[in-house]
Structures are given as C-alpha cells and as structure tokens.
1. For A:I6 and A:A115, what is the calculated FRET efficiency with R₀ set at 45 Å and r taken between the beta-carbons, to the nearest 0.05?
2. Sort A:Y303, A:Y95, C:Y85 so that the residue with the fewest other Cβ atoms within 10 Å of its own Cβ comes first and the one with the most comes last.
3. Please find, in a Gaussian network model of chain B (springs between Cα atoms separated by less than 10 Å), the residue of B:G111, B:G201, B:G264 whose mean-square fluctuation is greatest.
4. For region B:6-92, what is the relative contact order in percent, using Cα pairs closer than 8 Å and at least 6 residues apart in sequence?
5. List B:T54, C:T7 from most exposed to least, where exposure is judged by having the fewest other Cβ atoms within 10 Å.
6. Can you sort C:D208, A:D134, A:D207 so the residue with the fewest Cβ neighbours within 10 Å comes first?
7. Can you pull the semi-axes for region B:236-294, root of five times each eigenvalue of the Cα gyration tensor, sorted largest first, whole Å?
8. State to the nearest 20 debye the size of the charge dipole of the protein assembly as shown about its Cα centre, where the only charges are +1 on K and R beta carbons and -1 on D and E beta carbons.
Amino acid sequence: MSVFQITVSELAERFGLVSHGDGSRVIDGVGTLAGASPSQLSFLSNSKYASQLTATSAGVVVMREENVADSPVAALVAHDPYVAYAKIAALFERYPASPQGIHPTAVVAPGAQVAPTASIGPGCVIEDGAIIEDGAILGPHCIIGPECTVGAQCRLVARVTLVIRVTLGKRVLVHPGAVIGSDGFGLAFDRDHWIKLPQLGGVRIGDDCEIGANTTIDRGALDDTVLEEDVRLDNQIQIAHNVYIGAHTAMAGCSAVAGSAKIGRYCMIGGNAGVLGHLELADRVNITAKSLVTHSIREPGEYSSGAPLQESRQWRRNAARFKHLDEYVRRLSALEKDSNNE
Amino acid sequence: MSVFQITVSELAERFGLVSHGDGSRVIDGVGTLAGASPSQLSFLSNSKYASQLTATSAGVVVMREENVADSPVAALVAHDPYVAYAKIAALFERYPASPQGIHPTAVVAPGAQVAPTASIGPGCVIEDGAIIEDGAILGPHCIIGPECTVGAQCRLVARVTLVIRVTLGKRVLVHPGAVIGSDGFGLAFDRDHWIKLPQLGGVRIGDDCEIGANTTIDRGALDDTVLEEDVRLDNQIQIAHNVYIGAHTAMAGCSAVAGSAKIGRYCMIGGNAGVLGHLELADRVNITAKSLVTHSIREPGEYSSGAPLQESRQWRRNAARFKHLDEYVRRLSALEKDSNNE
Amino acid sequence: MSVFQITVSELAERFGLVSHGDGSRVIDGVGTLAGASPSQLSFLSNSKYASQLTATSAGVVVMREENVADSPVAALVAHDPYVAYAKIAALFERYPASPQGIHPTAVVAPGAQVAPTASIGPGCVIEDGAIIEDGAILGPHCIIGPECTVGAQCRLVARVTLVIRVTLGKRVLVHPGAVIGSDGFGLAFDRDHWIKLPQLGGVRIGDDCEIGANTTIDRGALDDTVLEEDVRLDNQIQIAHNVYIGAHTAMAGCSAVAGSAKIGRYCMIGGNAGVLGHLELADRVNITAKSLVTHSIREPGEYSSGAPLQESRQWRRNAARFKHLDEYVRRLSALEKDSNNE
C-alpha cells in the first residue's frame, strides 16, 4: 500500500476548485484542522470550527470563499467544502488490491457464473444459479445463494450472506456480517401453534446503495423487498419483508422497519428509530433518534416521539404522573368549568 | 429447481377443503390477489381486501364460505384461509437440494458424531463432542462447538454459530448470523475493575423453534437458558443468560430480554420491545413495539410504554413540559383545594 | 475435558479466605444455592436469598461473616462473596484446548506475522500486514484484515472480523459475529445524492476489554475510535466512528453510541440505551435501560428517559394527552392567574 501523492494545484484542477497560496505543495493524506500535518489536507465546513483554522498546520484547507482571508495556509475554495473534501479524501483511501479471479479455497458451484474480472476471496461459497458481474469484489467468507446476482463493481467487504433471490445493482457496498434475503417473519396461528408462511419473494437493491455491518434485510413473502438506488443503511438495521425504501434515503444505526412499510425518497431515519408495518412515509420525512412511527406520514418534515432525559430521581416522579395524565386533564377541565360557572 | 404443479382438486383433497369451480386447473405457484396469474393460487383472509377478489386473475383463491358467491374464479373454502394458505404455499417453496454427507471443505473433528443422513455444507466446523442428528441440514460456514447437539431435521441456513453446550430440538430453523451459546454478560466489580463470571450453563431450544438472522442467545451462568417448543424469534433479537421463554411465544425483530427473565407461553413481544432482568410475564401477555417492561406482569393482556409521535416542533414543547409534570400536578391539586375551600 | 477438583482448604488458601467446617471436602464444580450438589460450591451475596442457605445441599458456600452462623454446610468467608465466587468459578470453566499453530484450512498471507504460540483455527483468514501476538487464540472463521494487531492472550471465540487498522490490546475477549473496524457511516449530501466520506482512521481497544456477540465497532473517519482498558460491551452494541469510551465502562445489550460521543470512565449504560453524537458523559454516569441521552452530562449520577409501562388501553388515553401537554399547562397557568386575581 504505497502512499498516494498529489499537489494542491493538481487537486484544484482535478476537482474544479480555485486555489490560493502555494500550489506546488505535495499532499499525501487528510486530517482534522487540529491534527493535520503540513503534508495533509483538511477542511472547514461548520463555522463552529473557524477558530481552529487560524492555528492549523495543514498543508491546505478546503473552505468557503469567505474564510480565505483568515487562512494561514493554502486554500481550496468550494461552494460545499464538506462535499469537496469527501471527494478529495477518497483519493487517500487505500484498500489493499483484490486480485482478479477465484481464491483456491473458495467453493464455486458449476452452475454459478463469475465474471473473469471479479475477485472472489478465501472461503467464499457461490451456489448454483448465482451471478457475479464484472469487477465485483467479494472479500473473505461471503456466501452467495441461488438466484442471487452481485452487480458490477459491487464490494462485499467480508462475511456477507445473500441467502436466495437477492439482486444487488451496480457499485453496492456491503459491510461484514450483513444478511440479505433471509426469511421474512411470517407466521399464521393454527389453533395452538404457529405455522410458517413460506417466503417466496426476493430482495432487489438498487445501484450505489450501502448496507452496514450486521444489518439484516429479509426477502419478501410474495413480492420483493426493495431498496431503490443510493439508499444508505448504517449498521445493525433490520428491514423486514416487503419493505420498500425510496432512493437517497439514509437510515442510522439500529433503526428498523416492519413488514410492508413504504418509506419515501430523501428520508432520514435516526438511530434506533422504528417504523411499524404497512405504514407509508412521504418523501423528505425525517424521524429523530429512537422515535417510533405509529401512523403514516403524508407531509415532509421532522417527527419525534418519546419523553426526555432527566436525573432518574426526578424522572421517576414525572413518569409516575404520566400514568394518570388522562385523569389530571379531566380534573383540569372540571376546574375550568367550575371557574367559568362562578 | 423444477416447478411443482398440482390441480385445484388435488389441493382440495390434500388439505381437506371444499372446492368450487374448475377443479382441473393446474396451479404452479402462489401470489397476491392483485398479482397472481391464472396458474397461481391466492387467498382472501382480511375482509379489507374483499374488493380485490372481484378483479383477481388468480387460478384459485382460498377464502371463507361467505366470499364464494363473489368470486370470479375457482375457490377453496377454509375456516381460516390464512392458515390454509400457509400450508398450501409451503408446497411451492423450493430450496435447492442439500446433498447428504459432509462437504470436502468442512472440518469435522474425530470426536464429533454426524448422522449419515445429515448434510454438512462447505466450510462448516464441527468440534469434538458435537452431535448432528438424522436429516439435519447445515448450510455453508456453520460452526458447531463442543457439547452441542443439532436435532433431527434441523435446518441451519448458513453461518450459524453454536458456541458450547447448546442443544437444539427437532426441526429447529436457524437463520444466518445467529449466535447461540455465547457467554452471558456476567461481571462482578472488584474495587476498581471488572471480574468476569464464568458462564457454565448452556442453552436448550425446543422442537420447532425458529431463530432469526443475527439473533443472539447467551448460555446460562449456572443453569441453562431455555426456549420451550415452537418459540419464534425474528431477526436481531437478544436473549440474555438464564432467560426462560414459554412455548409458542413469538418475538418481533430487535426485541430483547435481560438476564433471568421468565416469559410465559403464547406471548407476543413487539419489535424493539425490551424486558428487564429477573421479571416474570404471565402467559398470553402482549407487549407493543418499543415498550420497556419494568415490572412483572401477572395478568394476560396488552401492555405499552412510551410517548407518541408528533411533528418535532410540537413534540419538543410537550417533552419540555414532561420534565416538570410532577410539579404541574401539585399545582393542579393546590388549585382544587383552593376551589373546594371557597 | 477432564473434571477439575480442589478441596475447600485449598480454595481458602488459594483465594485468601477463612474457611469454616469440613476443609477436606472435594469440590468439582459450582451451582446455585438451590441446585448445587455436595461436591459443588455456591455463594450467598444478595440477602434476598438468605433463606435458601438453610436448605442448601452445596458442599461449601462463599458468604459474608454474618451468615456463617446460619450455614448448614462449610463456609468460605469473603468481604464481597460475589467477587470471590467469580474468581473461584473461573477454575471450573473448561474450554477445550486450542492447539498452538495454524490450522491447515486457515489462509495466512505471507506478509502476516503470527506468533508461534498463537492458535489459528479452521478457516481463519489473516491478511498481509496483520500481527497476531503470543498466545492469542483465534477460533474458527476469524478474519483479520490489514494493519490489524491481535494482542497477546486475546481470545476471538469464533467468526470475528477485524476489517482494517484495528488494534486489540492484551487479553481482549471477542465473541462470535463481532465486527470491528467497519466503515463509519459518513455521508455528504451533494445536491441530489450521497457521497461517501472515506473512513481513514482505525480502532484502538485497550487491555482486558470484552466485546459481545454481533457487536459492531466502526473505525474513525480521521482519528481513531477508542475503547480504553477494561471496557465491557454486551451483545449487539453499536459503537459509531470516533466514539471514545473510558476505562471500566460497561454497556448492556443493544445499546448504541453515535459518532464522536465521548463516554467517561466507570459508566454503566443500560440495555438498548442510546447516546447521540458529539455528546460528552462524565465519569460514573449511569443510564437506565432504553433511555436516550440527548445532551451532555457533566455530573455523575443516574439518568433516565421514556414513559412507563401500562395496560395498553390506559396507556393510549395518557399518550393521547401527552400530545397536548403544553396546552394543558398553559390552561393550568391561566386558571392559577384567575384564581390569584379573585
């Protein structure tokens, strides 16, 4: 993993940015304003950190036009410094090369199709009927079940399981421990015991989606579970059968969506938030952390549930009152009536 | 995976149902009322969907007697159409065959016992003292530790880990990423640091249980963690050490039970609900999604906790008030006293 | 796995405890007061169980001085019986031996360094640049990525993934399914789609930490994610990028910490509790189960959020009132004003 090097001028040209200061400086990495060395690039996006700019030792800083005058070092000017930084920083992410071809310890069924440009890591198991497209990278111990397709340029970091009837679009990134296409949780109660409903659908995941570590996405009962393109799921998320998630929606860690719920596009679901089954969320709905969505939401906006954090001794007194809130309101109304009658 | 085909008359006979309409029609799959083709079977269970019946293109529909007159297509009459459908649909679930015997890449210790009719997939590791009974199917990458038994006809879909002293009954279905028999979380605080309590018990799981993807079930500290028969666990559930779950209880995704809690039979635990340690829940207790059970429950019924979802701007005002709820109630009581004294 | 045997007198000497009664009794295991046999040791720590002491059949019981008079069997006296029991019980935890060396099915890259005293289990994958130190035990199917170090005497039980740039200190215990060093969830919104921020930091985990089954710990965006020594994480915990957790903090199952939050030392985080990003918690802060920490906490103590469990019918009435709480308080204040003006 050799070090990647680029000058400030080359960065300006490559990303269409205006540069100020020494364009010949060589950059070989990125860092925070407080921690970057003279050979590293940093960024200033949140004005809260503007005071750190004056003391930075970075070689160059990506910033808005308005901050250039205050910069003690070279500057790259961007309309959105965070986005520009994200693009530049990607240059310095060095994964070890993944050799094309199939590792000798991988088990590839005769009926599987693996593109010659794909990389299949140690211990992978590719079952009959699976398709691995051009340039896809499967790290160690991935399991690709029957009727599954891994699209071109996908990266399954390690230990990813696609159970059955799962289709990943192009450039999907899946982190370790994710399970996609497991049985939906479908049960019918037959007098005194449960009967399992077979889960005959699949999962379709659009281009450029990201699926976090140990996240689970069940396959549909009859129709498919669907993620449109550019959906971003953090770690330990649970997506139940027949959920539909619109493009560009992002969900934070430990959130969950119950069966057949439909989430719009450009939604943001906070950490450990939940959406009950069969609900619909419009586009551009934000749910704050740990909230539970119990009814469909038709209007864009931000929604919350829960009761706030306090020192436990106080909290207990208030929580005890919550259990009789309806009674208190009735007493309040009675007092108001009395007061009006006087 | 050839297609399974059966006529409507054969279905009626096999499942003891009365049929109306063309009994010779060949059925090769199942679908929703809206989506099923003329060679597929559908069902009408929830009267909310009765209007879809009149427009269905399904070959035959499972329904109650009362709906037969409205059906444009052949009908199979069932007392509980959802249960009948579940049983019929199972005919059309086609897993690829799992060959008997041990895959050459599996590592089976000399002291392990594997029934000749069992199927041990690629990369499985079976340790000394493990027992795999008749007809059990272990998909790729399962790890079966010492003193573990996998009962007859169990199916471990893929990448399931039984750590140590775990016994699965017959026909237990375990989904990928599940970890059963990991250390319970037992710590003693010794002045300024933690000491670990060894976890010397095991896990016993009854016949016909189902364990979801990435679910974790810890082994007991001294006695065992126990699931009676037909317990159904969805994905990403956490069951701590020495928990006891009664037969036929079902838990939805991301729910959790803390150490030594005892859950009754026929309970339903909603998604992301939690039960604190050492509590007891009676039989037939339902807990709604995201609720936290903080005391034992002696009576059957439905229980909830939490505060409801609102537009965040409104929610913040109400949540701020919650922090002083006890004070408001005292003020209300004072006003009432004043009012009574007038 | 032969049985370990030791006399009561030997236990007293080894752990510096005073014994009463028959010191020659041979002990070969541990059990509960109610369940222990005459060859087993038990303990009495919580006075709630004092009545079980008089009926115990244990061979010896660890207890406080004050309980000795009531003991029908031999006693070992300890200031903290639970801690003394934890240390003694460890004698009886018998893992099967892990042979030194590399299992023939493991895949070890030529540029990896594996100590000759380490044990590398079946199917492990050790990548170039990884270091496995003296006496470390890797159970089956562990994946150790580039620039990762597994410290001396660590135990990775099975199927643990260290993705990249992860350093484990000495004696770290990691349970199956844990993923450490996965990408932090960092996204920048570029007009109409997401851009991923490369995650260039690592994870540093101190000596004597424990990481539960299916827990995920993301690597930092620029700096590292850090756990100081003796941090204890239960199952299914999510630690986001750049989180910092102080020494001796313990977190219960399904809890989560969002990006860049800093947790103090000796904190206790309850099951399914959450901490929002960029917050700071002082030392010795306890958070009760399912609480959400939405602001920094400067003072030690116990903190809670949420609304309490009730029978659902009652709960629904109270929850409906919560949605108008601010209005009720305004009405209460108006009444008070009226009352004062009279």
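Since every read-out is calculated from the coordinates, none of them should be taken as a lab result. Only a predicted model underlies this, so the values are computations on that prediction, with no experimental measurement involved. Note: ideal-geometry Cβ built from the backbone for every residue, glycine included; neighbour counts use all protein chains shown.
1. The calculated FRET efficiency here is 0.90.
2. Arranged by neighbour count, lowest to highest, A:Y303, A:Y95, C:Y85 become A:Y95, A:Y303, C:Y85.
3. B:G111
4. Reported as a whole number, the value is 28 percent.
5. The fewest-first ordering by Cβ neighbours comes to B:T54, C:T7.
6. Least crowded to most crowded, the residues run A:D134, A:D207, C:D208.
7. Value: 14, 13, 10 Å, ordered largest first.
8. 1120 debye
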